[in-house]
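What follows is one structure encoded as structure tokens, with my remarks underneath.
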């Protein structure tokens, strides 16, 4: 931002200094330079040859046009006629920019006020200003280093201190450090050519490194690996240690990362993940690597286990823990949803890069994995931070391993053959990309994937308090009923609980709750949980839309649908909706736009209004933001996508609020569905009703509360 402020103030001073001399001549000043640049981008778009360089030129032109318009409006030396003439010329340029973006919609994001400005864009801005005769003040760009990143708070959990004291001899391991390479490429600028090698890739060029055949893997009981997962583990067994794992969502990247750490003995392992999947990571770690202990870092990490084999931390609190994490002796690092670090100048990215750098300083060949189904958000420049995190490149040059591979090609960037060879060299470092359609034989045609999320803040505390009050109310009712029962009428289980009475109390609560207009009951709590999950679920839908295409988003309540649509609008994701109060014409229009309009990426559907009678098979991903009370309703929603004519495997992402009544409802729905499937041999009918699930949910809450309150033996 400092560079941008300098540029704009410099432009103003130049406008005041040059006055009418520049502005009275159509072939001088910034506007003719902008016109040439805009026309060049226009030709590139028309010829379908838009590169990252042309994207930077487009953004630089828009920024300079915006700044020049402000200069013209504020220039007191201009007459009204001169000002009007200049503004009309700038409006013409703005119109052309808009028309270009209409033909290439990905450029619209570069026109936003808060769009990130790349180094290439800033460089082009200065070049265009110099070409226009603008005198710029030479101010050095401050170097961003790990040492001068300011962090508001640092933390050092007590158990981490104990763990480090218990293992004081974890010295750095440089036994396999690759030697520095210096050959015919010395002196060449190589980062831009490497990026260009991906942008100019020939059709059909490999997008994934060659992987060995699968080998037997010892897994926990009841778990199986798909062939594409086993191939990556075979590569780890062969000694490969860096991966950009870019499989499409739903292909088991988390399991692959955890089992890769097991195969490489890369413990302790650090996993840096978005907050929305933090709980899910801990659960997956316990499932796939049950012999390894796992701890999750919350806030300042007061309850973290410093001796754990797997440490899970989210991006938002990482800045507090960079210090000790860099010295803890981690042998592996996994960065989930790695596209989060695409902006290298953000503090989040700097934190991740510092942790990675310090791990690589201590261990010569750690396991480093970047997981993302969306490796590129805007352009090829998004690769930079991920490559640097993996150690493939440094700030301004390739890392040792990549440099050695480039030297072996025998080419320089002046040779056309350099680019396909350079691209292959990067791919061979560990890019792995598989699509659902490529491994369709390995995965179920229809799959439900649970995504637990944590409810934080005031809303999360409110829900937890309400659940505690509900449990206390149920316990009070149970104890009062127990006192009035005839002696000998109760049949107690091993824990001393009358299960029949528990169910009667739960049934009464359901009956009263369904009629109550105010107060917290099971129904109001489920609604509050849906509201609290709304943005988290919508955020995940945005990730899916950007990485896999169109997404169907289901919710029960209108306020949840409203919240989701508002978030999609803020993120620039086009959406439409199907609601219960729509006319048939409006519903058909919504379905048609979702099916045929490439700019409409998400359709927000009411579970009750859109659960039957519509066809949305243009998508293969469903997000269930709120849980239904029955498996039948859930299945009906998924079947809007999973139906005859669907050509891709379908994944339904069920968003579940961890450690709340939400999780109990999900477990009961699954148990009822499994029972029905076994009893009816796949029949579509369901053996339980809505009330059954509601009653059993409350019965489970009451039983847990009674067990917790009972004295220990």
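The numbers here are math on the coordinates, done by the rules we state, and not lab data. Since the structure is predicted, the reported quantities are computational estimates derived from the model, not experimental observations. For neighbour counting, all protein chains shown are included, and Cβ atoms are generated from backbone atoms with ideal geometry for every residue, glycine included.
Laid out as a table, the results:
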quantity: C-alpha center-to-center spacing [the range 579-637, the range 400-465] in angstrom; calculated: 30
quantity: Order of 448, 386 under a 10 Å beta carbon neighbour criterion, fewest first; calculated: 448, 386
quantity: 333, 251 arranged by Cβ crowding within 10 Å, fewest neighbours leading; calculated: 251, 333
quantity: Residues listed by number, the range 451-475, amide nitrogen under 13 Å from residue 535 label point at 7 Å toward C-beta; calculated: 455-460
quantity: Listed peptides 69-78, 293-302 by packing density, highest first (mean Cβ within 10 Å); calculated: 293-302, 69-78
quantity: Per-pair calculated FRET efficiency, R0 = 45 Å: residue 218 and residue 347 via Cβ, rounded to 0.05; calculated: 0.65
quantity: FRET efficiency for residue 592 and residue 395, using Cβ-Cβ distance with R0 set to 51 Å, rounded to 0.05; calculated: 0.55
quantity: Virtual spin-label span in nm between residue 707 and residue 46, 7 Å along Cα→Cβ; calculated: 7.2
quantity: Fewest-first sequence of 607, 499 by Cβ atoms within 10 Å of each Cβ; calculated: 499, 607
quantity: Estimated FRET transfer efficiency (residue 458, residue 159; beta-carbon r; R0 30 Å; 0.05); calculated: 0.55
quantity: Theoretical gain in end-to-end length, residue 428 to residue 300 [0.36 nm per residue, Cα-Cα removed]; calculated: 42.2 nm
quantity: Label-point separation, residue 70 to residue 415 (7 Å along Cα→Cβ), nm; calculated: 4.8
